[in-house]
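Below is one structure, written out as C-alpha cells, with a few remarks after it.
The values are calculated or read from the model by the stated rules, or taken from the named source; none is laboratory data. Source: prediction; values computed, not measured. Cβ sites come from the backbone with ideal geometry, for glycine too, and all protein chains shown count toward neighbours.
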Amino acid sequence: MDQRKLGCKRRDALIAVGAGIAVVGFASKALAANSDDTNAADLAGAVEELRRALVDGDGDALVALTHDDLTYSHSDGRVWTKHDLLENIAGKKRYMTISVTAQTVTVVKQTGIVRHTYDVLNNLGDGKTNSSHIKVLMCWIKSGRNWRLLARSGTTAPT
C-alpha cells in the first residue's frame, strides 16, 4: 500500500478520534449542566416541602427531609438536633406562616447550598404571635434520589 495513502488514513483517523473526544466532552458538559439544573429544581422542591412541613408540623415529612446528623441553628443561637426539631415542631403549629424570598440554589455534585430570607409569623401560644425576619443558609446532601437537610443556620436580618 502507498505510504502516502496510509499516512493520510492515519491522520484522518486521528482527526476523527480527536473530534469524537471533543464531541463527547461537550456532550458530557451539557449533560452535567442539565443534571445540575434538574438537581437544583429537585432541591428547590425539597426546600418548599420543608417549608410546608415546618408550618404544618408534619413530623413524617420532617423525618423524610432531614438527615439523621442534622444541626439546625436558630437566629437566637439555639442549636437543635433532628430529635430536637421533631420534638419541637412535629404535631405542633409553631410557625403560622413562613414566606421565602431571595432564594438561591446551588448544586455541587451531591451537595446543595440554599440561601434565602425567611419572614416568619411565630405562634407563641395563648393567641400571641411575633415575627422574625431572618437570613437562612441551608446545606443539603443528596441521599439516593432524595435531598436531606444536613445543616441550617439562621441569622437576624436587618429590616
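Residues that are aliphatic (A, V, I, L, M), touching a strand residue (DSSP E or B) at 6+ places or on another chain (Cβ under 7 Å) and surrounded by 16 or more Cβ atoms within 10 Å (Cβ to Cβ) within segment 45-94 comprise ALA46, VAL47, LEU50, LEU54, VAL55, LEU65, LEU70, LEU85, listed in sequence order.
Check segment 73-87 and report whether any residue there is touching a residue at least 24 places away in the same chain (Cβ under 8 Å), over 14 Å from LEU150 (Cα atoms) and part of a helix (DSSP H, G or I). Yes, segment 73-87 has at least one match. State whether one or more residues within segment 12-32 are within 15 Å of THR111 (Cα to Cα) and at pLDDT below 50. Checked segment 12-32: at least one residue is within 15 Å of THR111 (Cα to Cα) and at pLDDT below 50.
Of all residues in segment 95-117 being under 20 Å from SER132 (Cβ atoms), surrounded by 16 or more Cβ atoms within 10 Å (Cβ to Cβ) and not aliphatic (A, V, I, L, M), which is nearest to the chain's Cα centre (by Cα)? Looking at residues that are under 20 Å from SER132 (Cβ atoms), surrounded by 16 or more Cβ atoms within 10 Å (Cβ to Cβ) and not aliphatic (A, V, I, L, M), I get HIS116.
For first residues located in segment 134-151 and more than 15 Å from VAL63 (Cα to Cα), partners that are surrounded by 16 or more Cβ atoms within 10 Å (Cβ to Cβ) and among the charged types (D, E, K, R) and lie 6+ apart or on another chain with Cβ distances below 7 Å form the pairs VAL136/ARG152; MET138/ARG152.
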